[in-house]
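Values quoted throughout were computed directly from the atomic coordinates according to the rules given, and no laboratory measurement underlies them. The structure displayed is predicted, hence computed values, not measured ones. Backbone-built Cβ (ideal geometry, glycine too); neighbour counts: all protein chains shown.
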Amino acid sequence: MRRNRQSIIHLAGLLLLLANAAPGAEAQGDAVFPAPRRVTAETRGDPRVLASLQQAGQIFFEDDFESDASLKNYFEIRGLKEGNAKRTSDAKLAHTGTGAMQFTAVARDGKESGSGATGWFGPKGYDRVYLRLYIKYAADYDQGNLNHTGGSLAAVAGTDRWAGMGSAGLRPRGDDRFNSRFEPWCDWRKLPPPGYLFLYTYWMEMARDRDGHYWGNMLGPDDSERVVLRRGQWYCLEHMIKANDVGQSNGELAAWIDGKLYLHYQGIRWRTSPDVRLKRFDLGVYVHAAAKDNTVWFDDVALSTGYIGPKGKAGD
């Protein structure tokens, strides 16, 4: 297991290197599967569809980091012993209350660096999960080009909470795993750090890269609708995965920024087995080439079977 966990750190930095801005049709043998359909504008324009997507569900996990008991909510906290991951009790650093989780990717002379926490809500899992969190990037955050920083949802088969880790560059088979992380990218320094938000996604019909590997596909908005995050400011980020019915391409993926729908994709065939269900989530910071310390704070994390929304609104 230790080797698998280390593989995440060593491989994750390569994920954005050659990723496509948006996947196209992908051939698998004699079959050609279409890319997910971005339907954000259509959903925004249809009150009934939007209301259905934003229907409240049952919150089954919450963490406001107000005590050290929060540390027991995660089966792995990367950087805890080194002090790179820690719960703060400074109200000035928290979104609400006095507690927040602080993660730092420490400077390593341009080598990869990161810290974070991973939680398990299986083994039964869910077919639809919404992850809501608040995140703030330090005022001097500057990842260079590549980073993987934000919140992630992962589906796996079986009861192994480590399943699928260390699988960067490999396409899921359909009976094993899928995942998506809501994170920013500065588009090769064209944008100020940390960059604009998109959904970095692995699934069984993802597009292959030119190098022959299957790095996570970047499912994002039109260029004109990119939201570029500002450092030193709290944001409410939420994203949802809805698994497909086996044999159909009716899975979905959606994301919100401060309670406003940012992305909505339909037509996704996430899996071929009903045992592949959402069972794991992750919070953290990862910088591909860490030339300086980079810190982020997380607060008011929640998981639900329906839309949550900003704290104090909608389903929270």
Query raised in the report: Between residue 170 and residue 60, what FRET efficiency comes out of the Förster formula 1/(1 + (r/R0)^6) with R0 = 35 Å and r the beta carbon distance, rounded to 0.05?
Result: 0.70
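At 0.36 nm per residue, and after removing the present C-alpha to C-alpha distance, how many nm does the segment from residue 89 to residue 273 gain when stretched out fully? Could the numbers behind the result be given before it?
On the way: separation 184, 0.36 × 184 = 66.24 nm, distance 4.34 nm.
My answer for the length gained is 61.9 nm.
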Report summary line: Relative contact order as a percentage, the chain, C-alpha pairs under 8 Å and 6+ apart, gives 31
**Report entry** Out-of-range pairs (alpha-carbon distance over 19 Å; input 92/260; 72/92; 72/111; 260/311; 136/311; 72/136)
**Finding:** 92/260; 72/92; 72/111; 72/136
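Over segment 244-316, what is the relative contact order in whole percent, taking alpha-carbon pairs under 8 Å and six or more residues apart?
Values: 66 pairs, mean separation 16.2, N = 73.
The value is 22 percent.
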Query raised in the report: Where does the chain land at 222 nm, in deg cm²/dmol rounded to the nearest 500, when only DSSP H runs of n ≥ 4 count, each adding -39500 (n - 2.57), divided by all residues?
Result: -2000 deg cm²/dmol
Query raised in the report: Ranked from highest to lowest mean number of other Cβ atoms within 10 Å per residue, what is the order of the peptides 106-116, 243-253?
Result: 106-116, 243-253
Requested in this report: Take the alpha carbon atoms of segment 238-292, find their center, do the same for segment 140-213, and report the distance between the two centers in whole angstrom.
Outcome: 10
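Net charge within 10 Å of residue 249 by Cβ-Cβ distance, Lys/Arg positive one each and Asp/Glu negative one each, not counting residue 249 itself? Show your work: numbers first, answer last.
Details: positive: 37, 269; negative: 205, 245.
Surrounding charge for residue 249 is 0.
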Query raised in the report: Taking every eigenvalue of the Cα gyration tensor of the chain, multiplying by 5 and rooting it, what semi-axes result, largest first, whole Å?
Result: 27, 23, 20
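Taking segment 121-176 on its own, what percent of its Cα-Cα pair distances exceed 12 Å? Before the final figure, lay out each step's value.
Working: 1188 of 1540 pairs.
The answer is 77 percent, as a whole percent.
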**Report entry** Estimated Rh, segment 227-316: Kirkwood, alpha-carbon pairs, angstrom
**Finding:** 15.6
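Could you sort 73-86, 264-277 so that the peptide with the highest average Cβ count within 10 Å comes first and the rest follow in order? Each step should come with its number before you reach the end.
Values: 73-86: 17.2, 264-277: 20.6.
The packing order, highest mean first, is 264-277, 73-86.
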Query raised in the report: Efficiency by 1/(1 + (r/R0)^6): what FRET value for residue 128 and residue 82, r their Cβ-Cβ distance, R0 = 45 Å, to the nearest 0.05?
Result: 0.80
**Report entry** 16 Å Cα-Cα reach of residue 81 towards aspartates and glutamates, excluding residues that sit fewer than 8 places from it in its own chain
**Finding:** 68
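Do any chymotrypsin sites (Phe, Trp or Tyr not before Pro) in segment 174-241 lie in a DSSP loop with no more than 12 other beta carbon atoms within 10 Å, and if so, which?
Working: sites: 178, 182, 185, 188, 196, 198, 200, 202, 203, 214, 215, 234, 235; in loops: 188, 203, 215, 234.
Those that pass, being in a loop and sparsely packed, are 188.
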